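Below: the structure, in structure tokens.
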Amino acid sequence: MPISSDKPRDLDDAKKSILKNMKQESAKSPSTNSRQRVSELNANQQVSRLELVILRTYPRRLVNSPNYCGALAAACGRDETGIVGIVLWDDQVKRVKTGDIIRIENGWCRSRSGELVVSTGKNGTLSILDR
């Protein structure tokens, strides 16, 4: 087996391990863990605390609209219950990389083309928990 094919498998195994740990942590202390799950998200509702593994980031683009002017990028992430789209703004575009574990707090969830998308919006925060 070629060496190059081992690297993606190791990355996949690492993601599976991270997701497994997230699932075990949530099972240990459900009363103290206020983390939302992707399966619990609803369109047009606030995201209180959501932790995701970044599966992919898409190329940034520049937006110039009445509401926002700056860099914007799409990404997708997952937890143990599903996959969700993510909107990254300004410095988040440069900071967030594939494989990162992020936490979005006080963000929003919308439906775009029938799929759920989350973002920090103007008032939320995004922090990188692990690389």
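The values are calculated or read from the model by the stated rules, or taken from the named source; none is laboratory data. Note that the structure is predicted; figures quoted are calculated from it, not measured. Note that each Cβ is placed from the backbone with ideal geometry, even for glycine, and that neighbours are counted across all protein chains shown.
When Lys94 is tested against the conditions (1) in a helix (DSSP H, G or I); (2) within 18 Å of Gln45 (Cα to Cα), the lone failure is (2). Considering only residues of segment 52-81 that are touching a Lys or Arg at 6+ places or on another chain (Cβ under 8 Å) and touching a residue at least 40 places away in the same chain (Cβ under 8 Å), which is farthest from Arg131 (Cα to Cα)? By that ranking, first place goes to Thr81.
Answer yes or no as to whether Pro66 is closer than 24 Å to Ser113 by Cα, of a type outside the set (Asp, Glu), modelled with pLDDT of 95 or more and part of a loop (DSSP other than H, G, I, E, B). In short, no.
Taking the criterion of being over 19 Å from Gly70 (Cβ atoms) and surrounded by fewer than 16 Cβ atoms within 10 Å (Cβ to Cβ), the residues of segment 111-131 that qualify are Ser111, Arg112, Ser113, Gly114, Glu115, Ser127, Ile128, Leu129, Asp130, Arg131. Inside segment 75-131, residues that are of a type in the set (Asp, Glu), closer than 20 Å to Arg60 by Cα and touching a Ser or Thr at 6+ places or on another chain (Cβ under 6 Å) make up a count of 0.
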